[in-house]
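Every number here is computed from the coordinates shown, using simple stated rules; none is lab data. Values in this document were obtained by computation on a predicted structure and should not be read as measured data. Positions of Cβ are backbone-derived with ideal geometry, glycine not excepted, and every protein chain shown enters the neighbour counts.
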């Protein structure tokens, strides 16, 4: 694939690609690679440093950190992908509607976007948790809500520029129906930049989910989540640094990997977008 | 009703949101096998009128009748029918081609839209391609991968794939070098004969219009000021604007024999056209009557029409 | 070469670096521009006419990889000047009118401010008030009514024709020796084009410098210019006094171009003349005459490159048939 080759050509893209693959494969293959069950408690071996049985040590309940970290990857990446995909879908839908709808509808959609994005994402997420309650599904829903406006806005902006391009008029002159123009000519031309944005969005979602779980309002124990692992780690930091190191390290690897990958993807797909903040 | 192979425009007006009346009451007729030229400067409404013929602009009043079928109050299937009969090629060919479609897909699309059998029709498409000088090796390229001239040919091919009777060409030679301009115009006339098309050429290039059209309509600020057989109109214009346009048209004249008529002033904005005759602010022959009373388009000999209170005398 | 040449271009060759190799955009171009003359540069896209105009201004693009030969303005070689010296020259001795005034006018400043800034180089001692007064006078001269209001207008508030007049005013305020007009009327309507051409003619009458008028329109060139240079694929293939050149077009390319011009008086239905084939590859320039591949009069000798040879006094063509 041409795009992959272009990503591979830049050093940071290469690092990003490798890190992303490590994280994704680690998550997918967690049951195969993990040395222990993620929730298997071994109080005798609590807070132990890395050893032959526990490669990266154990936490305060003696759970294997390597295995918990791997399972945490599934949650982190799974939530990030689910959220991004849903937000992408809803965002594009609303964005395109806003671009084509009569002005009042457009105003309402934009107002909703503005309201949502006027709150800092963590604060808004906390407020929504208070309404919906914690839990995996709710986290996905509320983080999706937080991210829809981003995608919606860019989808609308893209559609507005595409809408003015002469080839859409040419298609109309040819007799193409509204839905043909939408699915064959508008959408393929707006998804490029949005997918790039989406890939850059994944690490943000991962961090947000970790943050919520750290605060105890995200993924609920005993499900392994980097955020809650970090929180537990901090509680016992004076006795062992390993829980914090493992959870923090994996979080860093994943966000850094996805960020570098996203940037390289952006540069590979559209060199014109480079140098934007 | 006997099917007449014509497009008849009856007194149409097109007004844009914001109240700019780009086309203000125009009647025209285009028959198959005929080439009609539409000339005018910016703000004359020529492109707006052209788009109204393809149904891209909705006239606020008047009728467009294509092959006996009135386009006012079109249903969905009517519109589809219309867009098969009347096709348009746009000014900038590259930007009128969907950028993520290959040329193969671009050429197949009109067939899909009009529910034509793609397999059966494909040989005809290939034939059209070779007629237009496009190689089959181009089929899998994207529009931006071919030259400007080839993109133009693709746009023409697309317009003709579904077998229309009328072709509207908006500035088909804009931006072309003279050495290839002739090629394109020859091509259009070949296609016209082969498919007995009625062609409307919108252009500001009087040389092109003078050479390839049978009849010409001169527009100024949303109105037709003069219309008739091209040769006669060019030889002996009746309207001072036509004469000024013809005179301003640069022709090879190294000895500066020709005395040019240079109009003063700018073209008024179509959002507030002058009262009376719309041309009176720039007309070298303006009379008091022109400022108050709008001249009507009146019939004259040889199928000519002009809208002027004080038409120019023929030189002859 | 004329005695009173203001600009003398000798053997100018310019290459641009591209991914495929060096594009030889101009090859050994010779041109001399006399004082008070309007010299037309005519050619199709890819002929190098705009590159020549930019070279005169010292504004060649960044990927210029080789420049040889000389461009002399009153005996001083512009190519040997340092960038600061060139900058000093632009806006004092050489000014340019672009095809699209919107690209040359800054959208965030008023016309007045831009006209004042244009003169700063020329008249560093005059105050803003004085310069504005000169600007207003110049606007009147280029046919803009009500100059006071126009001075406080922004470029987008003016029509295309008016913007082009402002550009011309701006160029003239620099009181240049050489005024380069690169397709100044291409974006304008014909009736406005005629006005601008008239204006350029008027200017020439009281202007002590020379005008280089770049255009693809033979008609315009024939109406406006004293001398013409016809360019093809980076070379001047024919040059001479306008009258002589149009009366006795001697290079087959010039002849073909003239034949392509549509003469509205010929019978409709006749085939229009075209020039078969396309521009040669300017990366790997074919040897011999540059036009040979498309030339209807090609013969054996065309495999060698012809030099410019005199057809009539001051009128030269680069063809073996001359």
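A few points about this structure:
- Mean projection area, nm², convex hull over Cα of the stretch C:59-161: 8.5
- Of C:193, C:305, C:84, the one that fluctuates the most in a GNM where chain C has Cα springs shorter than 10 Å: C:84
- Relative contact order (%) - criterion: Cα under 8 Å, at least six apart; region: chain B: 21
- Global form of the stretch B:173-212, assessed from the alpha-carbon gyration tensor, a/c cut-off 1.5: oblate
- Computed over Cα pairs, the Kirkwood radius of chain A leads via Stokes-Einstein (1.002 mPa s, 20 °C) to a diffusion coefficient of 105 µm² per second.
- Using a simple spin-label model with pseudo-atoms 7 Å out from Cα toward Cβ, residue A:122 and residue C:4 lie 8.0 nm apart.
- Gained length - residue A:130 relative to residue A:33, 0.36 nm times residue gap less alpha-carbon distance: 31.3 nm
- Förster radius 51 Å - calculated FRET efficiency between residue A:6 and residue A:60, Cβ distance, rounded to 0.05: 0.65
- Sequence of B:46, B:259, C:201 once ranked by neighbouring C-beta atoms within 10 Å, starting from the fewest: B:259, C:201, B:46
- Choice from A:265, A:110, A:88 showing the highest fluctuation, given a GNM over chain A with Cα pairs closer than 10 Å: A:110
- The protein assembly as shown: calculated mean residue ellipticity at 222 nm from DSSP helix runs of at least 4, using -39500 (n - 2.57): -14000 deg cm²/dmol
- 0 to 90° range, to nearest 10: angle between helix C:190-206 axis and chain C longest Cα axis: 80
- Label-point separation in nm, residue C:137 to residue A:53, each point 7 Å along Cα→Cβ: 10.1
- Sites residue B:137 and residue A:157, calculated FRET efficiency, Cβ-Cβ separation with R0 22 Å, nearest 0.05: 0.05
- Rh (Kirkwood; distinct C-alpha pairs) - the stretch B:22-159, Å: 16.8
- Taking all C-alpha pairs of the stretch C:154-242, those more than 17 Å from each other amount to 51 percent.
- Calculated SAXS-style log₁₀ I(q)/I(0) at q = 0.06, 0.10, 0.11 Å⁻¹ - the protein assembly as shown, Debye, Cα scatterers: -0.58, -1.23, -1.37
- Computed from the Cβ-Cβ distance with R0 of 41 Å, the FRET efficiency linking residue B:60 to residue B:236 stands at 0.70.
- Summary of the geometry: the stretch C:149-176 and the stretch B:233-295, compared by the centres of their Cα atoms, lie 25 Å apart.
- Rounded tilt (10° steps) of B:76-85 against the dominant C-alpha axis of chain B: 80
- The three principal axes of the Cα atoms in the stretch A:120-277 give end-to-end lengths of 73, 36, 23 Å, sorted in falling order.
- A straight line joining the Cα centroids of the stretch B:165-185 and the stretch B:201-230 runs 15 Å.
- Separation between Cα centres of the stretch C:79-132 and the stretch A:32-89, rounded to whole Å: 68
- Shielding by partners for peptide B:259-270, expressed as the average number of C-beta atoms from other protein chains within 10 Å of each residue's C-beta, is 4.
- Here B:309, C:156 are placed in order of increasing Cβ neighbour count within 10 Å, fewest first, which gives C:156, B:309.
- Cα gyration tensor shape of the stretch C:1-122, rounded if a/c is under 1.5, else prolate or oblate by comparing a/b with b/c: oblate
- Residue order for C:315, B:239, A:184, fewest other beta carbons within 10 angstrom first, comes to A:184, C:315, B:239.
- Look at the alpha carbon pairs under 8 Å that are at least 6 residues apart: their mean separation over the length of the stretch C:6-61 gives a relative contact order of 29 percent.
- Whether the stretch B:217-316 is rounded, prolate or oblate, judged on the alpha carbon gyration tensor where a/c under 1.5 counts as rounded: oblate
- Choice from A:73, A:259, A:161 showing the highest fluctuation, given a GNM over chain A with Cα pairs closer than 10 Å: A:161
- Helix axis angle, C:111-120 relative to chain C longest principal axis, alpha carbon, degrees: 80
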